[in-house]
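To start, the structure under review is shown below, and the notes come after it.
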Amino acid sequence: FLETAAYFCMKPKMGEKEVSPHSFFNIWHEFSSDFKDFWKKENKLILQERVKEAEEVCRQKKGKSLYNIRPKHDSGIVSKNCSYT
């Protein structure tokens, strides 16, 4: 623990001889909580961007017709029956 605290350049508080685990992990907890909050916000923004991109791709694909619609010809039974009248 003391090697880790020294690696992060932690100094003991006034009146203490060594860095206590409580003070070290208190700071570490605040850092990790802030990091987690920023991480969630950033992931949410990235997700929103990807959703917008996917919606745009869908909109573009819907604009292009995947099949052709031909006009209906009057050669069926109904058209023959209508010729009687």
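Put a dot 7 Å past the Cα of K52, heading toward its Cβ, do the same for A6, and the two dots end up 5.0 nm apart.
What is the sum of charges, Lys and Arg at +1 and Asp and Glu at -1, for the other residues whose Cβ falls under 14 Å from the Cβ of K41? Could the numbers behind the result be given before it?
Values: positive: K36, K40, K44; negative: D34, D37, E42, E49.
Computed value for this residue: -1.
Mind listing which chymotrypsin sites (Phe, Trp or Tyr not before Pro) in the stretch 1-41 are in a DSSP loop and have 15 or fewer other Cβ atoms within 10 Å? Passing sites in the stretch 1-41 are F1, F8.
Any read-out appearing in this document is the output of simple, stated calculations on the displayed coordinates, not a laboratory observation. Keep in mind that what you see is a predicted model, and the values were worked out from it rather than measured. Using ideal geometry, Cβ is built from the backbone for each residue, glycine included, and neighbour counts are taken over all protein chains shown.
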